[in-house]
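Here the structure is laid out as structure tokens; the discussion comes afterwards.
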Amino acid sequence: MKKILLLNTFILSLLLLFSCDSPGKLYDQTRGDEVSFPSKTLKYEMVAEDNNSFKIELYRGNSLGALTVPVIIDMTGDEFTPTDDKFIFADGENKAYLQFDYNSIDNFGGESYAITVTVADPDQLSISGVGEVKMSVSRKLTYKLYATGTFYSEIIEYGFDGPPSVSRELYKAEEGEYYRFPNLYEPGYHIEFSLDSQGKIQFDEQSIGIWYDAVDYPENGMFHWGTTFLDECVVDDGYYLFVVDFCLPEISYSFGDWWEVFEVESYANPN
């Protein structure tokens, strides 16, 4: 019994020695300044109440001390001007902001602008931190019911859950030739497009709300409407023909061209 007690005492002493000798070193899961964007993508809609500016956020897990996080900003055009090229945290703050300014909301229609912001030094990221955010920025439009009809989906008929044809409503913006199918495939995910001066359909790559086997392959991401076949998208005698490249941008994979067709059956305002 005495030997057992001595052995237990020796083991306990070793445990105390290792736990006290180098506190935090064996199990320290922190990395750098522990910063991260809230998500990889961000959609922002400008409104008049914004006073011609908007902000994006960056978080950090370690709020001790002041911190500066330089970023790389990539965007086309000069519609937006960042007020800085870094996020600045004060001591004790775990959230910082970067502001973008623009001249006037009246200069925008429904077009979308892409802005990418990347943390310049990866060592400042937390272990699972998001170091880059891709933003889609556009003016918030006033949509009103334009037409009702039937939406025929070749991709759903092939394999997605749901009926291949459903009754749907098409909305049009008061501000111009911008259109929206609310909740087309999944609640909360709208499909938006516009018509150019020749009446051709135009749309940006956009997510549809359906994941590619999110249980077994979550890294593959969400299905998107790709733009590969835009030249084939037309409006003809009450039919809206969308030739869609259903794709997985996360892994740069395409499922090829699929016909998604909306047949107008009635207009909300025939005049």
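The values are calculated or read from the model by the stated rules, or taken from the named source; none is laboratory data. These numbers were taken from a predicted model, which means no experiment stands behind them. Methodologically, a virtual Cβ is constructed for each residue, glycine included, from the backbone with ideal geometry; neighbour enumeration extends over all protein chains shown.
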Inset, instruction - Just give me the residues in region 127-152 being at pLDDT below 95 and farther than 30 Å from Met46 by Cβ, in sequence order. - result: Ile127, Ser128
Inset, instruction - State all residues of region 213-229 that are part of a loop (DSSP other than H, G, I, E, B) and under 16 Å from the mean Cα position of the chain (by Cα); if no residue qualifies, say none. - result: Gly221
Inset, instruction - Please go through region 88-134 and pick out each residue that is more than 18 Å from Pro38 (Cβ to Cβ) and assigned to a loop (DSSP other than H, G, I, E, B). - result: Ala90, Asp91, Gly92, Tyr102, Asn103, Ser104, Phe108, Gly109, Gly110, Glu111, Ala120, Asp121
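Say whether the condition of being within 30 Å of Leu64 (Cα to Cα) and assigned to a strand (DSSP E or B) is met by at least one residue in region 135-149. Give the derivation first.
Step one: of region 135-149, the residues within 30 Å of Leu64 (Cα to Cα) are 135.
Now restrict to residues that are assigned to a strand (DSSP E or B): 135.
Yes, the conditions are met somewhere in region 135-149.
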Inset, instruction - Run Val47 past the list (1) touching a residue at least 60 places away in the same chain (Cβ under 8 Å); (2) among the β-branched types (Val, Ile, Thr); (3) surrounded by 13 or more Cβ atoms within 10 Å (Cβ to Cβ) and report the number of the one that doesn't hold. - result: (3)
Legend entry - Total residues in region 190-212, condition closer than 20 Å to Asp161 by Cβ and over 15 Å from the mean Cα position of the chain (by Cα): 1
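Going by what's in this entry, would Ser167 be described as more than 23 Å from the chain's Cα centre (by Cα), assigned by TED's automatic domain parsing to the domain that holds Asp257 and assigned to a loop (DSSP other than H, G, I, E, B)? Talk me through it step by step, then tell me what you get.
Numbers: more than 23 Å from the chain's Cα centre (by Cα): yes; assigned by TED's automatic domain parsing to the domain that holds Asp257: yes; assigned to a loop (DSSP other than H, G, I, E, B): no.
So Ser167 fails the test.
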Legend entry - Residue that is surrounded by the most Cβ atoms within 10 Å (Cβ to Cβ), among those in region 208-237 that are of a type in the set (Ser, Thr, Tyr) and modelled with pLDDT under 90: Tyr212
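Within region 83-105, identify whether any single residue is of a type in the set (Ser, Thr, Tyr) and closer than 30 Å to Phe242 by Cα, and answer yes or no. Walk me through how you get there before you give the answer.
From region 83-105, those of a type in the set (Ser, Thr, Tyr) are 83, 97, 102, 104; that's our starting set.
Next, only the ones that are closer than 30 Å to Phe242 by Cα stay: none.
Among the residues of region 83-105, not one is of a type in the set (Ser, Thr, Tyr) and closer than 30 Å to Phe242 by Cα, which makes the answer no.
Which one is surrounded by the fewest Cβ atoms within 10 Å (Cβ to Cβ) among residues in region 126-178 that are among the aliphatic types (A, V, I, L, M) and under 28 Å from Phe100 (Cβ atoms)? Give the steps one after another, and end with the answer.
So in region 126-178, the residues among the aliphatic types (A, V, I, L, M) come out as 127, 130, 133, 135, 137, 141, 145, 147, 155-156, 166, 170, 173.
Going one step further and asking which of them are under 28 Å from Phe100 (Cβ atoms), we end up with 130, 133, 135, 137, 141, 173.
Working: Val130: 17, Val133: 21, Met135: 19, Val137: 21, Leu141: 20, Ala173: 20.
Restricting to residues being among the aliphatic types (A, V, I, L, M) and under 28 Å from Phe100 (Cβ atoms), the top hit is Val130.
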Inset, instruction - Please enumerate the residues belonging to region 57-87 that are within 17 Å of Tyr44 (Cβ to Cβ) and in a loop (DSSP other than H, G, I, E, B). - result: Thr76, Gly77, Glu79, Phe80, Thr83
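Just checking, does region 16-25 include any residue being at pLDDT 90 or above and surrounded by 10 or more Cβ atoms within 10 Å (Cβ to Cβ)? Break it down stepwise before answering.
So in region 16-25, the residues at pLDDT 90 or above come out as none.
No.
Is it true that Tyr179 is assigned to a strand (DSSP E or B) and among the aromatic types (Phe, Trp, Tyr)? Don't jump to the end; show me each part of the working.
On the way: assigned to a strand (DSSP E or B): yes; among the aromatic types (Phe, Trp, Tyr): yes.
In short, yes.
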Inset, instruction - Six or more apart or on different chains, Cβ under 6 Å: which pairs go from a residue in region 211-233 that's under 14 Å from Leu248 (Cβ atoms) to one that's charged (D, E, K, R) and in a loop (DSSP other than H, G, I, E, B)? Could you list them? - result: His224/Glu205; Gly226/Glu205
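Could you check region 196-223 and list, in sequence order, the residues that are aliphatic (A, V, I, L, M) and within 14 Å of Cys247 (Cα to Cα)? Quick ask: steps written out before the conclusion?
First pass over region 196-223, keeping only residues aliphatic (A, V, I, L, M): 201, 208, 210, 214-215, 222.
Ile208, Ile210, Met222, listed by residue number.
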